[in-house]
Amino acid sequence: MTLRLLATLCFLGTLFTGTELRAQGGGVKGVIDEGLAELARRQHPDGSYGEAVATADAVLAFSESPRRYGENDGPFVRRAIDWLAAQVDAQGRPRTGTPADTATDLHQQVAVGEWISDALALSRRPEAVAARARLANWLVSDEVVKRESAMIPEDSFTRSFAFEAEPAAMEQALGPMTQTLFSDRGIAPGEFARWLRASPSILRDVAKRTPDLTLGTTTAERKHWSGMLGQMLQRATQAPAGFEELPPRELAATLRGLTICLEHEPKSAGGATTGSGGGAPPTPAGTPRQVGSDLHAAYREAATSALAYLATQQKDGRFGFMGREDGGITALALAATLRTCKRLGQEPPAWAFAGLDWIVTLQKANGAIHTGGLAVYTTSAAVMALAAAGREQDRSAIERAALFLKVVQRDEGEGYDRDSDWGYGGIGYGNELRPDLSNTQFGVEAMKLAGVPADDEAMQRAILFLQRCQNSPEFNPTPIERTDGRIVTAGQDGGAGYHPGESKAGLVDNGDGTFTSRSYGSMTYALLKCYLFAGLPKDDGRVQSALRWIAANWTVELNPGFDPASAQGAEYQGLFYYWFTMAKALDAAAIETLSTPDGVAHRWRDELLGKLLSVSFNEGFWTNQKSSRWMEEFPVLATSYALAAMDHCLPPAPPAGR
């Protein structure tokens, strides 16, 4: 190994506290999501991402990513595939912009054709299938097979480069790439771009031939290649902030390389990748609360204890998770604190206002409020907290946040078609290109709190997305073809899943080649709440359909709709989120009793309040003791959900915001 290579690898090794890939706000998956969102923003009006190879590389980046985006997920893939198909002429030749008059030109045309073929292979659309068939025939024609030899085009090198070195020499063979990418980009920008573009094929070769390769560090440790080379790609591109500076081709290649590194991270003993983060925070020991017949008195006692508990968990009004300050958790805790103080008739603590001031400082130029990742959830929760405070000084921040939520809603601005794209009108994570009902319900509630009227275009667009989440053929008649090829049709029960074609509670096999997304509690209440906030009256068929599901599946004991046999504790996943959403939805509906099919009238406020009090601890906290999914074992988060839910159980709830 050369001294320069050794120095490069050793210095790279000093960047690690372990073999994992890490990044603020969601780890390397969050970095990839940020990059894919940036890549989607680069799409040209014609559907391309520039020239043909860059467009094909972008399609591959979307499809290979951890989220496995496909052409049915939106125009960022679909229109790119349509554009690539149009670049194949009637004879099967790819259009490269220049005629193939020389052997070199023909080799380049073949290279472009191979890239296009790789991307078109991901499509089932008839135009793309036909174009790929024409292209395949041309690639085996005499014109191509018997072409004169010439220097290998750069696009062939970056697509299929593989080392000739023996596995034992792989560490040294990586030298040219690691030396270049670890140096300043301005020293040799051409070589930098070349190795960045080739990184996916190089990393695939490493994964195939030397999957257990380790690289040396200054501490004499040897660390797995996936972590070290993944970190190298992040540093080389200054990810994720530096993604804005990369051309689409280099950005797509970087994201493909990071995906390969993530997929090949060593698994821990528990089966998770070593980069998935630490374990859950320890649950504090507590004494279960004994609840008497006077629920309102018990509420005051529990709420007072909860405020005292939250005070011990904050620092300058900020809350965090696993040693990191977190804007989203802080906002939820502050919103719960402020509403609870108002409910109890007491002044909020000084630290709550310090926390609000900190939240405002987190606002970005685009209006988003977050500490890295989960931009929509955190921005929406921030609006909930700022609105609960009702401070005039926060009005501008709230309005800018609402504008951000409107911008990230999927609509014509991103090339979505209201009739053909199932994601139209929905909101995703902010950096996630597949909208979902959970983010949408947070966004819709935040827009309402910000003063966005029900007849606003953003609210009305959301209704179309909501319908496509609902299991009701009357309002959701169009089947969804998933990326995995399964066809999902709407069921008959009126409930909702996570997003069109997907449910966190799973799919039901209909036995006819189609599937139906399982309706489940938290998303059905989210559906109801959003319909109401978007202005639908209670007698609207869509609202009534959701209410029928709620009545038929009424319970405060678990999150209904999950199959208990699917996983241990499945029915308790997201239980506090379920209670949080249930209380807001039913309060918004101004419903006092629910009549179930057995004829029993349920006073939901008392039943839910009693349940929440019964699972609290005298020390002032709540925690999901039956499922750790979605961080609900974390007491600050569960306590915030519980306080907000209880507040909505006590009519009349104090008005939020201005």
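Side notes on the structure shown:
- Residue identified as under 28 Å from L246 (Cβ atoms), of a type in the set (A, V, I, L, M) and either in contact (Cβ under 8 Å) with a residue 60 or more places away in the chain or assigned to a loop (DSSP other than H, G, I, E, B) (or both) among A111, A119, A207: A119
- In region 399-419, the residue that is nearest to E38 (Cα to Cα) out of those that are in a helix (DSSP H, G or I) and either in contact (Cβ under 8 Å) with a residue 60 or more places away in the chain or basic (K, R) (or both) is E414.
- Of the criteria (1) open to solvent by 20 Å² or more (accessible area, probe 1.4 Å); (2) in a helix (DSSP H, G or I), which one M447 fails: (1)
- Among the candidates L338, L362, L332, L356, residue that is closer than 24 Å to H499 by Cβ and either under 24 Å from the mean Cα position of the chain (by Cα) or of a type outside the set (F, W, Y) (or both): L332
- Checking each residue in region 550-583 for being open to solvent by less than 20 Å² (accessible area, probe 1.4 Å) and not in a loop (DSSP other than H, G, I, E, B) picks out I550, A551, A570, L575, F576, Y578, W579, F580, T581, M582, A583.
- G279 assigned to a loop (DSSP other than H, G, I, E, B), surrounded by fewer than 22 Cβ atoms within 10 Å (Cβ to Cβ) and either in contact with an Asp or Glu (Cβ under 7 Å, 6 or more places away or on another chain) or modelled with pLDDT of 85 or more (or both): no
- The condition (being open to solvent by 20 Å² or more (accessible area, probe 1.4 Å), over 24 Å from the mean Cα position of the chain (by Cα), under 25 Å from I329 (Cβ atoms) and at pLDDT 95 or above) is satisfied by just one residue among K626, K538, K611: K611.
- Qualifying residue in region 92-102 (condition: among the aliphatic types (A, V, I, L, M), in contact (Cβ under 8 Å) with a residue 24 or more places away in the chain and either under 18 Å from L139 (Cα atoms) or assigned to a helix (DSSP H, G or I) (or both)): no
- Pairs are defined by a Cβ separation below 6 Å, a sequence spacing of at least 6 or placement on different chains, a first member in region 561-580 that is on the phi > 0 side of the Ramachandran plot, and a second member that is open to solvent by 30 Å² or more (accessible area, probe 1.4 Å) and assigned to a helix (DSSP H, G or I); the pairs so defined are G574/W630.
- Contact map, region 533-545: residues that are farther than 18 Å from Q492 by Cβ paired with residues that are polar (S, T, N, Q) and open to solvent by 40 Å² or more (accessible area, probe 1.4 Å), Cβ distance under 9 Å, separation 6+ or inter-chain. Pairs shown: A534/Q460; G535/Q460; K538/Q544.
- Matching entry among D509, D493 (being free of Cβ contacts under 8 Å to residues at least 60 places away in the same chain, farther than 23 Å from D587 by Cα and either of a type in the set (A, V, I, L, M) or in contact with a Phe, Trp or Tyr (Cβ under 9 Å, 6 or more places away or on another chain) (or both)): D509
- Residue identified as modelled with pLDDT of 90 or more and aliphatic (A, V, I, L, M) among A198, A169, A188, A150: A198
- Residue count for region 148-158 under the criterion of being in contact (Cβ under 8 Å) with a residue 60 or more places away in the chain and closer than 15 Å to L203 by Cα: the result is 1.
- In region 310-363, the qualifying residues are those that are aliphatic (A, V, I, L, M) and assigned to a loop (DSSP other than H, G, I, E, B), and the one that is surrounded by the most Cβ atoms within 10 Å (Cβ to Cβ) is L362.
- Test: residue in region 566-578 that is at pLDDT 95 or above, in contact with a Leu (Cβ under 8 Å, 6 or more places away or on another chain), within 20 Å of A645 (Cβ to Cβ) and of a type in the set (A, V, I, L, M): no
The values are calculated or read from the model by the stated rules, or taken from the named source; none is laboratory data. Computed from a prediction, not measured in an experiment: that's the story for all the values here. Positions of Cβ are generated from backbone atoms using ideal geometry, with glycine treated the same way; all protein chains shown enter the neighbour counts. Protein only, heavy atoms only, side chains kept; ligands, DNA and RNA dropped before computing areas. Shrake-Rupley method; radii C 1.70, N 1.55, O 1.52, S 1.80 Å.
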